[in-house]
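For reference, the structure is listed below as structure tokens.
The values are calculated or read from the model by the stated rules, or taken from the named source; none is laboratory data. Just so it is clear, the model here is predicted, and its values are computed rather than measured. Counting neighbours? That spans all protein chains shown, and the Cβs are built from the backbone with ideal geometry, glycine included. These accessible areas exclude ligands, DNA and RNA; they are computed on the full protein's heavy atoms, side chains included. Shrake-Rupley method; radii C 1.70, N 1.55, O 1.52, S 1.80 Å.
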Amino acid sequence: MTRAAYRSIFAVGTAQERAENFETYFAFSTKHSGEIIEADKDLVNKRATLKWFQDNPVRSKKPLPDPQAFYRNYVDLKDDPKTLDKRTLLLTCVYKFARHEWVGITGAWDATPPIAQARNLEDRIGRYHLAEEFCHVRLFHEMFRTMQLEDVVWQPLGPVMQTIYRMFPYFPGWMMDAPAFVTELMGIVFYRHLDGLLDEYFGDEPEARDRIRALLREITVDEVAHAGQRRNFIGPAGTVFAKIIVRPLFKAFFHDIPGSELVFNVEQMIKDAQDFDYSLVAPDMMAQSWVPSYCRQPEAGTALAAE
């Protein structure tokens with residue numbers, strides 16, 4: 001099977017291409033996610049998808065060996081990670097990753113004008129993007145419920161990290177755009193690696209594994225588009241800078257998730273991010289997502305998803 005022809009996600013687009021891509025991305029996002037429900041930080045199509053999962057619940061056949069070990073460690077790791085059941089450790093890492101996302105988008109939501117007050121297309125894109133991220137947190141929550149973990153609570157981070165996340169959206173674009181893009185790229189890579197572990201960790205729970213995978217795929221399709229959208233904010237110099245900071249940002253982020261080194265190959269994730277192009281994403285997910293035009297080889301000959 002021939003892989004689709006894509007350029008690196010670090011390929012440089014012209015200012016005109018980037019302007020056109022903002023238009024096609026917003027058209028894609030509004031069609032894909034539906035009308036925004038700002039009072040609930042939600043979107044019509046995403047709400048319907050979550051409702052389907054909730055109306056057709058799947059639960060693991062047996063709980064974790066020691067559910068209290070998860071609840072004791074999922075916010076802050078208190079036990080030696082080497083003593084934890086491998087599923088428990090994986091799920092604590094997933095929670096901590098998603099928790100960072102939740103804290104970041106909560107701060108950014110307050111700093112982003114509502115659609116009715118949007119000053120430009122980029123403001124409208126930002127509002128939709130954040131609403132989609134809140135929908136992801138709900139999907140993560142359903143993952144935990146799938147594993148009979150019904151009492152998960154989304155807790156704030158420590159005061160220093162809370163302050164950083166709250167202030168980050170107010171930084172000028174030349175400071176925040178490259179790191180924001182790299183964090184979205186980190187999301188794609190993390191979700192790919194997580195998907196690669198599901199058969200090993202949940203192979204004896206095929207129904208729960210398949211439900212977790214389905215929930216993860218809903219998130220990943222959006223994350224693929226988000227990475228391209230955030231990539232679209234940065235020009236040639238910012239693109240070079242973004243590639244330089246992949247390693248230190250990944251290292252710092254996963255250092256803040258103790259135990260992740262026992263579950264994930266962070267060095268491989270860094271390499272995957274530095275070498276990333278969209279041919280690494282399953283074709284059926286790519287068919288549902290969005291790619292910047294300058295990351296698609298001309299000979300690919302396929303129109304953008306939004307067109």
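When the stretch 198-217 is limited to residues that are surrounded by fewer than 19 Cβ atoms within 10 Å (Cβ to Cβ) and under 15 Å from the mean Cα position of the chain (by Cα), the one that is farthest from Tyr25 (Cα to Cα) turns out to be Arg213. Cβ-Cβ distances below 6 Å connect the following pairs, each with a first residue in the stretch 243-254 that is open to solvent by 30 Å² or more (accessible area, probe 1.4 Å), a second residue that is assigned to a helix (DSSP H, G or I), and a separation of six or more residues or different chains: Arg247/Ile270; Leu249/Val182.
Remark: Phe10 matches the filter, which requires a residue to be at pLDDT 95 or above, over 18 Å from Val221 (Cα atoms), buried (at least 16 other Cβ atoms within 10 Å of the Cβ) and of a type in the set (A, V, I, L, M, F, W, C). Selection of the stretch 85-114 for residues being small (Gly, Ala, Ser) and either modelled with pLDDT of 95 or more or assigned to a loop (DSSP other than H, G, I, E, B) (or both) yields only Ala98.
Selection of helices (runs of 4 or more DSSP H) fully inside the stretch 1-84 by the criterion of at least 3 residues being among the charged types (D, E, K, R) returns 15-33, 44-55.
Table: residues versus (1) modelled with pLDDT of 95 or more; (2) hydrophobic (A, V, I, L, M, F, W, C); (3) under 18 Å from the mean Cα position of the chain (by Cα); (4) part of a helix (DSSP H, G or I).
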position: Thr239; (1), (2), (3), (4): yes, no, no, yes
position: Lys251; (1), (2), (3), (4): yes, no, yes, yes
position: Phe264; (1), (2), (3), (4): yes, yes, yes, no
position: Glu267; (1), (2), (3), (4): yes, no, no, yes
position: Trp290; (1), (2), (3), (4): yes, yes, yes, no
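Looking across the stretch 255-289, the residues that are open to solvent by 20 Å² or more (accessible area, probe 1.4 Å), among the hydrophobic types (A, V, I, L, M, F, W, C) and without any contact (Cβ under 8 Å) to a residue 60 or more places away in the chain come down to Val266, Ala282, Ala287. Evaluation of Arg127 against the conditions (1) touching a strand residue (DSSP E or B) at 6+ places or on another chain (Cβ under 8 Å); (2) modelled with pLDDT under 95 shows that the sole unmet condition is (2). Filtered by the rule that a residue be more than 15 Å from His136 (Cβ to Cβ) and in contact with a helix residue (DSSP H, G or I) (Cβ under 8 Å, 6 or more places away or on another chain), the stretch 22-33 gives Phe22, Glu23, Thr24, Tyr25, Phe26, Phe28, Thr30. Checking each residue in the stretch 46-78 for being touching a helix residue (DSSP H, G or I) at 6+ places or on another chain (Cβ under 8 Å) and surrounded by fewer than 15 Cβ atoms within 10 Å (Cβ to Cβ) picks out Gln54, Pro57, Lys61, Pro65, Asp66, Lys78.
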